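Written out below as C-alpha cells is the structure these notes cover.
The values are calculated or read from the model by the stated rules, or taken from the named source; none is laboratory data. Worth saying up front: this structure is predicted, and the values here are computed from it rather than measured. Glycine gets a Cβ as well: all are built from the backbone with ideal geometry, and neighbour counts include every protein chain shown. With ligands, DNA and RNA removed, areas are computed over all heavy atoms of the protein, side chains included. Shrake-Rupley method; radii C 1.70, N 1.55, O 1.52, S 1.80 Å.
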Amino acid sequence: MAGYLARPIGGLLFGHFGDKIGRKHMPFTTVLIMGVVSLAIGLMPTTLGAATAGILLTLIRVIQGLVAGGEWGGATLMSMEHSSKKTKGFGASLSVAGGPTGALMATFVLGIFASLPEEQFLSWGWRMPFLASIIVVLVALYRRYQVSESPEFLAAEKIARTQEPPILQILKQYRFKTFFGILLALAPLFL
C-alpha cells in the first residue's frame, strides 16, 4: 500500500524535473533507481530481524512507488510526444500497457521459481526474479540512453521560461477535473 500511495508524489516529483531539465533524463533515472531497489530486495540479508526487514522493505516499496509514479508519467509523455499528431493516443497507450504486461511477465517468472521445492524457494528461489531483473534493467537503460529529447519539450522549453509551472496552470484552470481524475485513478486501488 505504501508504494501505491507514493506514486502520485513520484509523478509530481519526476514530472517537475522532467519539465525543468528535460524529459529524456527522467525515464533513464527511473529505470536505474528501480533496478537498484529490485537488486536490494534480492540481496537483502536473511539475518535481519522481522521488524528491521519490515521497515527496510517498506522503505524500498516507497522508493519503488515514487519511481513507478515518475516512470508511468514520464514514459507516457515521451511516447506521446514522440508520436505523430494522428497517433499520439496510441503512442501514449503503449506505455500505459507496459504496467499490466510487466505484471503478467513477473507473475510468469515468479511462477517458474515457485515450482521449486518449498525449501529451495524459501531459501534462494524467491530472490532470483529480483536478481534476474538486472537483465531487463540493462536492456532498458541501453534503449533509454538512445532516446532523443522530446521534440515538443524542445519547442516548449523556449516558451516555458516565462510561464508559471505547468502543475499550477493545471490546478488553476482545471481544479475540478484534476481532482475528479485523481479520484478515478485511485478507485481501482481500493476495490
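Of note:
- Given (1) open to solvent by less than 50 Å² (accessible area, probe 1.4 Å); (2) part of a helix (DSSP H, G or I); (3) touching a residue at least 12 places away in the same chain (Cβ under 8 Å), number of the condition TRP72 does not satisfy: (1)
- Residues (over 10 Å from GLY74 (Cα atoms), open to solvent by less than 30 Å² (accessible area, probe 1.4 Å) and modelled with pLDDT of 85 or more) located in the range 14-32: VAL31
- The residues on offer are ALA103, ALA92, and the sole one that is part of a helix (DSSP H, G or I), surrounded by 14 or more Cβ atoms within 10 Å (Cβ to Cβ) and not polar (S, T, N, Q) is ALA92.
- Qualifying residue in the range 115-126 (condition: of a type in the set (D, E, K, R) and either open to solvent by less than 100 Å² (accessible area, probe 1.4 Å) or closer than 18 Å to GLY35 by Cβ (or both)): no
- Residue check for PRO151: at pLDDT 75 or above and either touching a Gly at 6+ places or on another chain (Cβ under 7 Å) or open to solvent by less than 80 Å² (accessible area, probe 1.4 Å) (or both): yes
Yes/no per residue for (1) out of contact with any helix residue (DSSP H, G or I) (no Cβ under 9 Å at 6 or more places or on another chain); (2) hydroxyl-bearing (Ser, Thr, Tyr):
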{"site": "GLY69", "(1), (2)": "no, no"}
{"site": "ALA75", "(1), (2)": "no, no"}
{"site": "SER79", "(1), (2)": "no, yes"}
{"site": "GLY91", "(1), (2)": "no, no"}
{"site": "PHE121", "(1), (2)": "no, no"}
{"site": "ARG127", "(1), (2)": "no, no"}
{"site": "SER133", "(1), (2)": "no, yes"}
{"site": "VAL139", "(1), (2)": "yes, no"}
{"site": "ARG144", "(1), (2)": "no, no"}
